Amino acid sequence: MRTTIKFLFVPFLLIVALASCAQNDDGNLVRTIEEFDEAVASLQPGDEIVLANGTWTDAEFKLKAEGLPDNPIKLIAEEPGKVIITGQSNLSISGSHIIVSGLVFKDGFTPTSEVISFRTSKEELANNSRVTNSVIDNFSNPERHDSDTWVAIYGKNNQFDHNSLIGKGNRGVTLAVRLNTEASLENGHVIEYNYFGPRQTLGSNGGETVRIGTSHYSREYSNTIVRNNYFDRTSGELEIVSNKACGNEFRNNVFFESQGTLTMRHGHNTLVENNYFLGNRKANTGGIRIINQYQTVRNNYLYGLTGYRFRSALVIMNGVPNGPINRYDPVVDSFLDNNIVIDSDHIQLCAGSDEERSATPTGSSMSKNIIMSKTNPDPFTIYDDISGIKFEGNVLNEEANVPIENGFRKVPYSVTENENGLRVPEQSLIDDIEFGEVKLPVTKETTGAEFYPKVDKVGAFQSGEVHSVAAGTNTILEAMDNSKPGDTLLLENGGEYLLTKYAFVNHPITIKTGSGDKAVVRAEKSSFFVIENGGALELENLWIDGAESPDQAGNNVISTSKYSMNRNYSLAVRDCKVTNLDVNHTFNFLKIYKNTFADSIEILNTEMTNITGSILSLDEETDDLGIYNAENVTIKNSKFTDIQGSIASIYRGGTDESTFGPIVVVEGNEFTNTGLGKRNKTGASLIFHGVQKLHISDSNWNKSAPLELYLTNGEPITVISDVVMKETAEIRANNDEYTIENVVYK
Ligand code: CA
């Protein structure tokens with residue numbers, strides 16, 4: 001009997017052992033989306049779905065599941081970081097107590113409007129769930145202005161932590177907390193320890209990195225906590241963070257060289273505490289912008305912020321009296337206290353004051369702030385009545401002027417680097433405001449998915465190898481094919497080069513002659529160079545000649561892709577000579593297409609002669625939606641002679657206030673017989689519409705079409721100085737809100 005019993009028991013135990021073994025090894029491993037769907041259909045609390053290592057293409061994961069607090073349902077990678085989801089893919093979850101971990105979305109885009117969604121349908125939301133240790137990298141819709149959201153959090157009590165979100169190129173918020181139904185209000189989500197990697201300038205509204213709520217639900221409470229995140233050059237637009245709901249907290253976040261601000265765009269009772277803004281004197285870096293009621297901004301550290309107007313280090317806005325929900329509510333009972341501001345340029349009070357935004361702040365205070373800066377002797381700009389802000393116990397260095405009578409004590413500028421590598425005022429001042437230790441709450445290393453590197457992929461110009469290229473036909477093309485990002489093609493001194501095919505530029509590349517005679521480049525196709533998505537081009541010490549170009553209208557030297565580009569490009573032309581672009585009419589130097597965007601375009605020390613088209617026409621976004629084609633344009637120390645089209649035509653239409661550019665510098669140039677061709681529809685030699693910052697100086701116009709300005713909203717800065725206009729019509733402008741110094745007509 002005993003033997004029999006034993007005999008019966010042993011196989012049973014074996015089966016149990018084998019079954020649990022299979023469960024761990026293979027039973028819950030899924031290799032296809034069909035296997036995934038099957039696994040989802042029978043999930044029980046405590047179950048785990050393991051995605052097999054490898055590449056998953058065009059996979060839409062929909063996970064509906066009900067876990068329990070002690071027995072959550074998990075969706076994990078076989079090995080974190082080795083499950084790569086690409087193509088047209090996404091993930092949506094609903095139910096409760098779900099944990100997702102270890103996934104990488106890379107080099108694809110979502111076919112819907114969200115990549116990771118905390119809902120599977122309008123009614124089915126996720127609650128008490130978590131996405132952690134996961135990545136979305138370069139997962140941008142190829143249509144630049146086709147909007148989507150990378151992470152959309154609905155429901156309640158969800159957590160998004162230790163994830164890396166890197167390189168969103170198309171329009172749409174990187175991470176949004178949605179409050180669009182009752183079931184998503186007062187949600188208590190926690191967003192922490194995430195790495196928000198570089199986000200390029202979008203050149204339009206819609207480039208926010210984090211948004212909580214929308215104007216429609218902005219008077220509802222969200223109660224979301226955003227803490228201990230690292231924002232690394234998140235420069236999509238003016239709003240890095242767009243707070244649009246009540247009761248949210250932003251604590252212990254680091255904003256590294258990010259262009260834009262943490263903006264309390266809507267909603268009340270926000271806490272902004274102990275955040276670090278490190279501008280490092282980079283352009284357009286900003287801090288904190290206060291709008292609405294009961295906002296508390298305290299104990300933040302701001303260093304090296306150069307932004308002005310709405311992207312200043314500190315901004316308190318004016319509001320609209322009894323305005324509609326989508327406009328600016330006045331600042332009421334809000335506090336800007338105990339902050340340290342070092343080497344930053346602007347603090348603006350009652351910003352945005354105009355006929356509509358006429359309500360000044362009330363019941364508010366600015367106290368015990370330490371402001372140390374020699375970068376701007378007049379850091380304060382006050383646009384309206386500040387009597388509703390109480391100033392008390394603030395400290396300012398002696399060199400800085402403050403137009404406010406009371407509440408500021410002057411001390412010597414004394415700033416040193418502390419043991420944590422941060423620039424700080426004297427310790428006694430820090431102690432006076434009980435700021436605590438000045439130290440970054442998180443770093444790049446302590447945030448994001450632990451397995452995923454945080455490296456910049458795009459090579460800077462001339463950062464790679466140098467390839468010598470022999471003179472001849474298509475030798476440049478062969479060298480380009482063999483090049484890597486950042487490489488340089490070195491042409492022979494005085495060599496002759498012919499392109500019989502388009503030279504497609506797929507990554508950053510420099511083409512140059514060394515210090516000797518310029519190599520000459522000619523082309524038989526309608527373009528010499530075509531900058532494709534991901535490309536950037538630098539031409540140095542070259543002679544570009546149109547003599548071999550086809551006899552047809554509309555040729556160009558450089559073109560962007562004809563298709564939408566979701567990655568910004570840059571173009572630099574230095575020490576070059578450009579001649580004989582005249583085989584037929586409208587031979588342009590640069591031809592851009594809609595839905596493309598340049599971070600920077602430079603023409604330096606260059607001579608251009610005998611051209612039937614235009615040089616830089618950056619005016620393809622004509623819908624007046626605040627979209628434009630280039631952020632920074634510089635034309636310097638160059639000569640333009642016999643150019644039938646315009647030298648520069650830059651257009652940013654509409655009244656949007658969420659971007660910084662275009663920013664244009666025109667300095668030290670000669671324009672002779674330019675802009676007078678009958679096909680030049682602009683009728684101008686240079687025309688700037690909606691440019692936000694324009695400096696024109698030390699330049700001469702000779703027998704040329706006039707300079708034309710169209711100044712729009714955003715308090716554009718326009719300065720024209722030391723300019724001679726000979727036999728050239730007067731500057732044309734739609735108003736006189738620009739500065740003009742020493743402009744001589746002859
Ligand atoms: Ca915005």
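The values are calculated or read from the model by the stated rules, or taken from the named source; none is laboratory data. Since this is a predicted model, take the numbers as computed values, not measurements. Quick reminder, even Gly has a Cβ in these numbers, built from the backbone with ideal geometry, and neighbours come from all protein chains shown. Calculation scope for accessible area: heavy atoms of the full protein, side chains included, ligands and nucleic acids excluded. Shrake-Rupley method; radii C 1.70, N 1.55, O 1.52, S 1.80 Å.
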All but one of (1) touching a Phe, Trp or Tyr at 6+ places or on another chain (Cβ under 9 Å); (2) open to solvent by 50 Å² or more (accessible area, probe 1.4 Å); (3) under 22 Å from TYR276 (Cβ atoms) hold for THR416; state the number of the condition that does not hold.
(1)
Among the residues of region 281-292, is any away from the ligand (no atom under 16 Å from the Cβ) and free of Cβ contacts under 8 Å to residues at least 12 places away in the same chain?
no
Taking GLY421, is it surrounded by fewer than 16 Cβ atoms within 10 Å (Cβ to Cβ), outside the structural domain of GLY197 (by TED's automatic domain parsing) and touching a Phe, Trp or Tyr at 6+ places or on another chain (Cβ under 9 Å)?
no
Is it the case that ASN243 is in contact (Cβ under 8 Å) with a residue 60 or more places away in the chain and either buried (at least 24 other Cβ atoms within 10 Å of the Cβ) or within 24 Å of ARG567 (Cα to Cα) (or both)?
no
Out of (1) part of a strand (DSSP E or B); (2) touching an Asp or Glu at 6+ places or on another chain (Cβ under 9 Å); (3) open to solvent by less than 20 Å² (accessible area, probe 1.4 Å), the odd one out for PHE277 is which?
(2)
All but one of (1) of a type in the set (Val, Ile, Thr); (2) surrounded by fewer than 18 Cβ atoms within 10 Å (Cβ to Cβ); (3) under 20 Å from SER561 (Cβ atoms) hold for VAL530; which doesn't?
(2)
Is at least one residue of region 226-243 of a type outside the set (Val, Ile, Thr), touching a Phe, Trp or Tyr at 6+ places or on another chain (Cβ under 6 Å) and farther than 24 Å from GLY167 by Cβ?
no
Identify, from the list THR659, THR634, THR655, THR674, the residue that is farther than 30 Å from THR209 by Cα and of a type outside the set (A, V, I, L, M).
THR674
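List the strands (runs of 3 or more DSSP E) that sit entirely inside region 29-87 and contain at least 2 residues that are closer than 18 Å to VAL131 by Cα.
Counting at least 2 such residues, we get 48-51, 60-66, 73-77.
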Condition test on THR270, is it over 21 Å from SER218 (Cβ atoms), surrounded by 24 or more Cβ atoms within 10 Å (Cβ to Cβ) and more than 13 Å from the ligand (Cβ to nearest atom)?
no
Could you tell me which numbered condition GLU465 fails, if it satisfies all but one of (1) touching an Asp or Glu at 6+ places or on another chain (Cβ under 6 Å); (2) assigned by TED's automatic domain parsing to the domain that holds GLN293?
(2)
Among the numbered conditions (1) at positive phi; (2) in a strand (DSSP E or B), tell me where GLY654 comes up short.
(2)
Show me the strands (runs of 3 or more DSSP E) entirely contained within region 447-548 in which 2 or more residues are touching a residue at least 60 places away in the same chain (Cβ under 8 Å).
536-540
Regarding GLU730, is this residue at pLDDT below 95 and either aromatic (Phe, Trp, Tyr) or assigned by TED's automatic domain parsing to the domain that holds ARG652 (or both)?
no
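Quick one: is ARG679 of a type in the set (Lys, Arg) and within 16 Å of the ligand (Cβ to nearest atom)? Spell out how you get there, then give the answer.
On the way: of a type in the set (Lys, Arg): yes; within 16 Å of the ligand (Cβ to nearest atom): no.
So ARG679 fails the test.
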Any residue at all in region 694-702 that's open to solvent by less than 30 Å² (accessible area, probe 1.4 Å), assigned to a loop (DSSP other than H, G, I, E, B) and in contact (Cβ under 8 Å) with a residue 12 or more places away in the chain?
no
Filtered residue count, region 708-742, keeping only those that are within 23 Å of GLY307 (Cβ to Cβ), assigned to a strand (DSSP E or B) and open to solvent by less than 50 Å² (accessible area, probe 1.4 Å)
2
Residues of region 625-636 being part of a loop (DSSP other than H, G, I, E, B), within 15 Å of ILE615 (Cα to Cα) and open to solvent by 10 Å² or more (accessible area, probe 1.4 Å), which ones?
none
If only one of GLU607, GLU602, GLU621, GLU657 is open to solvent by less than 20 Å² (accessible area, probe 1.4 Å) and among the acidic types (Asp, Glu), which one is it?
GLU621
When you go through LEU349, LEU314 one by one, which is the residue that is assigned by TED's automatic domain parsing to the domain that holds PHE256, out of contact with any Leu (no Cβ under 8 Å at 6 or more places or on another chain), in contact (Cβ under 8 Å) with a residue 24 or more places away in the chain and open to solvent by less than 10 Å² (accessible area, probe 1.4 Å)?
LEU349
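Table: residues versus (1) in contact with a Phe, Trp or Tyr (Cβ under 6 Å, 6 or more places away or on another chain); (2) open to solvent by 30 Å² or more (accessible area, probe 1.4 Å); (3) under 30 Å from THR443 (Cβ atoms).
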| site | (1), (2), (3) |
| --- | --- |
| VAL104 | no, no, yes |
| GLY108 | yes, no, yes |
| PRO111 | no, yes, no |
| GLU114 | no, no, yes |
| ASN127 | no, yes, no |
| ASP161 | yes, no, yes |
| GLY169 | no, no, yes |
| GLY172 | no, no, yes |
Residues to consider are ALA684, ALA705, ALA648; find the one that is open to solvent by less than 50 Å² (accessible area, probe 1.4 Å) and either under 31 Å from the mean Cα position of the chain (by Cα) or touching a residue at least 60 places away in the same chain (Cβ under 8 Å) (or both).
ALA648
Check LEU262 against each of (1) modelled with pLDDT of 95 or more; (2) over 19 Å from the mean Cα position of the chain (by Cα); (3) within 16 Å of the ligand (Cβ to nearest atom) and name the one condition it does not meet.
(2)
Would you mind telling me which numbered condition in (1) among the aliphatic types (A, V, I, L, M); (2) in contact with a Lys or Arg (Cβ under 9 Å, 6 or more places away or on another chain); (3) away from the ligand (no atom under 16 Å from the Cβ) ILE601 fails?
(2)
